[in-house]
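Computed from the coordinates by the stated procedures, all read-outs in this text should not be read as laboratory data. Small disclaimer: the values here were computed from a predicted structure and weren't measured. Here Cβ is always computed from backbone atoms with ideal geometry, including for glycine, and neighbour counts include all displayed protein chains.
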């Protein structure tokens, strides 16, 4: 599978002395990937203009109160006693500042995405319902064309809460009043719909000339309709069953927002061709890198946290012995 690749152009990145590289650069049968234990906001500046074919990433959605100085330790403190659903704490706590902070965080990166992507190149960013518009605005403001809203459909767990407990603890109501109110609110819960989707922003750097002219010059800008996830023409809704997701995550990866490799593989094959360069600036546990390498694409990834970087490195190395490993 991996021996069909030509010598990778990412050597230019690997040999760049201006990037502090903690990773060991690995090569498999002329296929090269490189991952950096580095803050993407710094490292991405060393990538040349018009260099990357495709960006697919799942950035931090900003837990309430976080700022640009985010890291894993800070995130763990915020989430130790609460669950996370797509970046938003369980319960009703939500501040508009969270979205504003996210946009402020993303706009400088969006500028870099625009600079390093080839004309006509696509960028797919995972998001969350309450914050999708901030993601899209960040890309739109710097010059990207917002091509579409895509959906990853899955079966989540209901998180709405009954008010019975609070009513029973109300010292200002009689027992009769409490029972009456509980009966009245039977079935009524906090306004949290069961999560069943995760939105993705599909953005494209403006092409040069016609679609064909841009393709002939840069090899990007069109999508491969031969690539299907369910045997049908590629659509905006992509469903990955819970069974497939569970099979992929038998290994303990210790990351909150792991995406199914089969989903990322579909996106990569839809918007790129073999030997092209895929970038994930928020590598996490490495699923995007695994998907890229499994599908004969070159890969560059940045991960600020050494713990997740080491997990990603281990998963990529495992492909040498088990090419079908998820």
Ordering 295-308, 167-180, 185-198 by per-residue average of other C-beta atoms within 10 angstrom, highest first, gives 295-308, 185-198, 167-180
Would you mind computing, in nm to one decimal, how far apart the modelled labels at residue 175 and residue 258 are, each placed 7 Å from Cα along Cα→Cβ? 5.0
Just to verify a number: FRET efficiency for residue 233 and residue 100, C-beta to C-beta distance, R0 = 45 Å, to 0.05? 0.75
Please work out how much length the chain gains when fully extended from residue 184 to residue 225, using 0.36 nm per residue of separation minus the C-alpha to C-alpha distance, in nm with one decimal. 9.5 nm
133, 165, 266 arranged by Cβ crowding within 10 Å, fewest neighbours leading: 165, 133, 266
Model label zone, residue 306; criterion: amide N under 12 Å from point 7 Å along Cα-to-beta-carbon; scope the range 33-51: 37-38
Can you give the FRET efficiency for residue 217 and residue 317, using 1/(1 + (r/R0)^6), R0 = 45 Å, r = Cβ-Cβ distance, to the nearest 0.05? 0.80
Order of 283, 106 from fewest to most other C-beta atoms within 10 Å? 106, 283
